[in-house]
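Just so it is clear, none of the values below were taken in a lab; they were calculated from the coordinates. Because the structure is predicted, anything quoted here is derived from the model rather than measured. In this analysis, Cβ positions are derived from the backbone assuming ideal geometry, glycine residues included, and neighbour counts consider all displayed protein chains.
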Amino acid sequence: MADSTLLNLVLWLPVLGIGAITLLPRGRDSLVRGLSLAVMLAQLALTAILYLHFDPSVSGLQFATSQPWIREWGIEYRIGLDGINVLLVALTAFLGPLVVAGAFSAIQKDVKLFYAMVFFIQFAMLGTFLAQDLFLFYVFWEAMLIPMFLIIGIWGGERRIYATLKFVLYTAFGSILMLAAVIYLVYSLHQRTGIASFAFADLYGSGLPLQTQMWLLAAFGLSFAIKVPIVPLHTWLPDAHVEAPTAGSVILAGVLLKMGTYGFMKLGFPLFPDATRAFTPVLMTLAVISIVYGACLALVQNDIKKIIAYSSISHLGYVMLGLVSLDLVGIQGAIIQMVSHGLVAGGLFLMVGMIYERCHTRDLAAYGGLAKLLPVFSVFFTVLTLASIGLPTTSGFTGEFMALLGAFNAAWPLHEAGYNLPLALAVIAVSGVVLGALYMLRLAQQLLFGKARAPHQPFADLDTRERAILVAIVVAVFAIGLYPEEPLRKTELAAREYQQIVMGAQVDQESLP
Amino acid sequence: MNWHDVLTAMLPEHILLAGMVLLLCLEIASGKDRDGFFVALLAVAAAAVAACALFAQGYAGSPFPGHFSVGPMTSLPKAALLALTLPVLLISRDDFAESRYYVLLLSSLYGACLLTSSDSFLTLFLGIELMSLPVYVLVLLAFLRPESTEAALKYLVLGGAATATLLMGASLLYGASGSLGIIAFTDALSSSQPLATGGAVLVVAALLLKAAIVPFHAWAPDAYEGASVPVTAYMATVIKAGVLLAALRLFGTTEIAGPMVGVLAVLPLVSMAWGNLTAMRQTSFRRMIAYSSIAHAGYLYYAFLGAGPGRYEAIVFYLVVYGVMNLLAFVALPRSVDDARQDHIDALKGLFHRQPVAAVVIAAAMLSLAGIPPLPGFAAKFLIFRNVLAAGYTAYAVLGLVASYLGIYFYLRVVQYMFMSAEEPTAVRGRPRRLALIATLLCLVPAILLSFFPGWLLDRL
C-alpha cells in the first residue's frame, strides 16, 4: 500500500527532521534553519498530494495504517485521514514552514533545540489529528505538552516560566481525568462485548447508560474545553500567548487550540451522543459566553498579543456553537472556522512578531500611523484584520456565517415548538460579530492610522521572507473565502456522519431531561 | 535434594556468591585495598545473563521444596534486578574503589535474588535481611557529610523495627497455621482468627515500612540524602523493587478483600499525594527523589487492588520502567566539587548549556517519572490504574490519578532548571566520565525500547 506509506511519511517526517538537525554540528545555525524549512516544505508537498488524492465520496478512513502496537491490551498504531481531520492536517502542514521561516530572525538562542521542539510538536499535533486509536490519541495529545512547555519556557518573554507552568498544569489536569475516562470507557466496552480495543470505530455507539455517558463526557469535555479554551477555563491562554515567542503563539493559535474542538468533534460528542444532547443547552450557553466574553475582553486590552489571544477565545466559540448545533451547515461551518482561525490568528501573531522584532514592544499605545511608516506591513495587516472580522470573500466570513446559520437552523424549530433558549443564544452570538469588528478595527486604527509614531525608528518595511510568509497566508484566506465549495466537499460526508452519530443514536426520550 | 537442580536453579545466586568470595580472597591475598570494580561488574553481568538464560529456557524447579523455587515468573524479575544493578556499579567507581563496597553490594543483591524465589517465611526473611543489612553500611560507607551518620542510624533503627515487625508477624502466622510457608499469609487474609489476622497485618506493615509508604516513610528522605549517588540509586531502584517483589510473592494472585482493601488503598493513596506534595519543596535532588519514590511506592502498592492475574505483569513492568528511568537520571547527574553542592538542585541550573546530552536524558527521566507519554512511565502507570479500575475501584483510581497529577510540577521544575535557568556561576564545567556515559547508554537503550515497544516486555510477562 503505497498510499498508507505516504501518510506515515508525512507523520514521521518531523521525527526524521529532529534526527537530522541533531546530527548537524554545533554552531551551524543557518544550516539548521535551512534544513528545517526544507523538511517542513517537503512535508507540505506530501500533504498536498494526500489532500488532492483524498476522495470525498468515500466514507471512513483513507490512507489508513493499522499495526498492532501493544497487542495484549488491544492497542494498535492506527492512523488515517477522514473528512474531519483532512483539513486540519492540511492546516498543520501549511503552517509548519511558515512557523519555521517566521522564526529565522527571532530565535537566536539554542537554535537547534528550538527547531527540534518545533518538529516535535508538529509530530505530536499531526499524530493527534491522525490517530484512530484512543491510546495512541492520548499519547500524542499529552506528548504535545513537552515541546510547548519548552518553547514557551525557553524562548518566551519575561514571565515565561509562570506562563508555561500554568499552561502545562492547566492542560495536564484536564488530561488526567480524561485518562480515567479513557480507561473506564475501554474497560466497559470489554465488559459488554469482550472486545479489548481502543479503536475509535469500536468505541462509537457505546450505548452506555446516560448517567455514565454524562460523567465520561464531563471528563473528556473538561480536557477538551481547557484546550479550546471555553470560558471559564481560558485563563491560561492569554498568559501563554503573551509570553510565548511568535512561533509558539502561531502554533498555539494556529493548531493547538483546534485540538480541543477537534477532540469534541471526533471523540467527545460521537462517543457519548446521548449525553451530548442532554448537555446541548449548557454547551451552547458556554459557547456563546465564550464568543461574547472573549470579544469584550479583547476590546479593552492594550497588549496587541492579548487582543488576538482573547479574539481566539471568541472565534473558537463559533466553532463550538456550530458543532453543538448538530445542523449540517453549522458543523461544516465549524470545520471551516477552525481552519480559517488557524490561518488568520496565525497570520496576525506572525505580524505582531514582525513588528515586535522591530520595535520591541507590544503596547498598543506606543504605536500609531504605521500605514505611513510600514506601508506593506499595513496592507497585510488590514487584510488579516478584515478576515478576522469576517468580511465576505475571506475565510472568516464563510466559517462564522455558516456556524451562525447552523445555530439558527437548529434553533428555529425549537422556537416554533416554544423553546426559546437556543434562538436567544444564537441572537446573542451574532452580537459577537459586531464586537469582533469593534476590537479589530480599534486595533487596526490605533496601529495603522493617526499620527505616525513607533519606538526604535527607523526600521525597514517587510523583507522578502516576511512578505512570502504573509502572501501564502493571505492567498489561503481568500482561497477559502472565495471557493469554499472545495473544502466543504471534502468534509461534507464526514460532517453528515458526525451529525448522524450524535443525533441518530438510539435513545429512549424519557431518559432525557 | 537434587544437586543438579540446586546448581542450575540457583545459578545467578551462585555466581554472585562466587564473585563475593573471589573479591574477599583477592583482598586477603593482596593484603591491601583492591579495586573490586571489574570482578563485581563481571559477576553481576554473568548472574544477569544466567537469570535471562533460565527465563529463556522456561526453567522451573524447586531445589529446596517449600523454601525456594524458580520459574519463569521469578527468573525475569531476578534478571531485571541484576541488570538494574549494572548502571549502579558503573557509576560507583568514582566514589568507591575498595572491594568491601562491592562485596556489600553483591551480598545485598544476593538477598534480593533470594527473596524473589522464596516460598517460606524463612527464606523470605533471610532474603529481606540480607538485602537490607549491607545497605545500612553502604549508606555510611561514603561518609561524604556528617549527616550520613544520622541517615545510616535512622535507616538502621527503622529497618530494625521493620525486621522485628516482620518476624513477629511471621511467628504469629506460624502460630495460627503451624506452617512457615508463605501460603500461611494468604490464608490469614481470609481468616477470621485474630492470631492470623494480626500476623498478616504485621507482615503488611513491615512491607509498607520497607517500601517507605506513608506513615512509615520518614526514614527515606534522610537515608537517600545522606547516602552517596550510587547508593541512593541502588536504594531507590533495586531495594524498592526487592521489597515490592517480596510483597508480590506474599500476596500472589489472591484477591484482596475486606479491611485489607482499606489499608492497601488509603495508605498508598496518601503516599502518592504526600510524596508528590512534599517533593515540591525540596532543594536536595536526592531528597526530592526520595519523596518521589514514596509516591511511586504508592502507585506500586495500588497494583495489589487489581485482580490477581494482572498483578505480576503490572508490578514487574512498573518496576523495570521505574528502575530504568530513575537510574537514567542518576547516571547522568553532573559531578560537582563536593557532594552537598552536587546534590543541591541548583547544580542542575543551566545544565543544557554545559552538558546538553545529560540535560536531555535527565529531562526524559523526569518526564517519564511524571508519567507523561510517550515516555514509558506512562504505560506503566496506565497499566496499574487500568487494573485498579477493572477491579471496580473507580473512585480510588480517579483519586490516584489526581494524586499523580500533583507530581507533575516538581518533575517539570527540574526540567525548567536545566533548560530555562541561567547557569550557576560556580558550576563545574566538565565532560561526563566514560563509565557514566556507558551507564547512560545502558539505561538509554531500554528506555527508548520501552517507549516505542512496551508490548515487547509485556508479552514476556
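Packing, as the average of other Cβ atoms within 10 Å across residues, places the peptides B:237-245, B:453-461, B:119-127 in the order B:237-245, B:119-127, B:453-461, highest first. In straight Cα distance, which aspartates and glutamates are under 13 Å from residue B:154, not counting same-chain residues fewer than 8 positions off? By straight Cα distance, residue B:154 reaches B:222, B:225. Listed by chain and number, the lysines whose C-alpha is less than 27 Å from the C-alpha of residue B:78, apart from same-chain residues fewer than 8 away, are B:210, B:240, B:381. With the helix formula -39500 (n - 2.57) applied to DSSP H stretches of n ≥ 4, chain B reaches a computed 222 nm mean residue ellipticity of -24000 deg cm²/dmol.
Per residue of chain A, the DSSP helices (runs of n ≥ 4 H) give a summed -39500 (n - 2.57) that works out to -24500 deg cm²/dmol at 222 nm.
When each of the peptides A:95-106, A:165-176, A:482-493 is scored by the mean number of other C-beta atoms lying within 10 Å of its residues, the order from highest to lowest reads A:95-106, A:165-176, A:482-493. Computed from Cα positions, the angle between helix A:160-193 and the longest principal axis of chain A comes to roughly 20 degrees. A simple count of charges around residue B:95, restricted to other residues whose Cβ falls under 11 Å of its Cβ and scoring Lys, Arg +1 and Asp, Glu -1, yields -1. Normalising the average separation of contacting C-alpha pairs (under 8 angstrom, six or more residues apart) by the number of residues puts the relative contact order of chain B at 14 percent.
Within 10 Å of each Cβ in A:165-173, how many Cβ atoms from other chains are there, averaged over the peptide? Please report the intermediate quantities before stating the final value.
Details: counts 5, 0, 0, 5, 5, 0, 0, 7, 4.
Mean shielding count: 3.
Shown in residue order for segment B:239-256 are the 3J(HN,Hα) couplings computed by the Karplus curve 6.51 cos²θ - 1.76 cosθ + 1.60 at θ = phi - 60°: 5, 4, 4, x, 4, 5, 5, 4, 4, 4, 4, 6, 6, x, 10, 6, 5, 7 Hz (x for Gly and Pro). Computed from backbone phi with θ = phi - 60° and the Karplus coefficients 6.51, -1.76 and 1.60, the 3J(HN,Hα) list for segment A:237-247 is 5, x, 4, 4, 5, 5, 7, 5, x, 3, 4 Hz; x is used for glycine and proline. Residues B:423, A:466, ranked from the fewest to the most other C-beta atoms within 10 Å, line up as B:423, A:466. Comparing the protein assembly as shown with the 2.2 N^0.38 Å rule of thumb, its C-alpha radius of gyration ratio is 1.01 (two decimals).
Just counting partner chain Cβ atoms within 10 Å, what average do the residues of peptide A:139-152 show around their Cβ?
4
The Stokes-Einstein estimate for segment A:280-513, based on a Kirkwood radius over Cα pairs and taken at 37 °C with 0.692 mPa s viscosity, is a diffusion coefficient of 176 µm²/s. Amide H contacts of residue A:199: A:134, each under 5 Å away and 5 or more positions distant or on a separate chain (H built 1.01 Å from N in the peptide plane; Pro and chain starts excluded).
With semi-axes defined as the square roots of five times the eigenvalues of the C-alpha gyration tensor, the equivalent ellipsoid of chain B measures 32, 27, 21 Å, largest first. Count Lys and Arg as plus one, Asp and Glu as minus one, and take only other residues whose Cβ is under 15 Å from that of residue B:210; the net charge is then +2.
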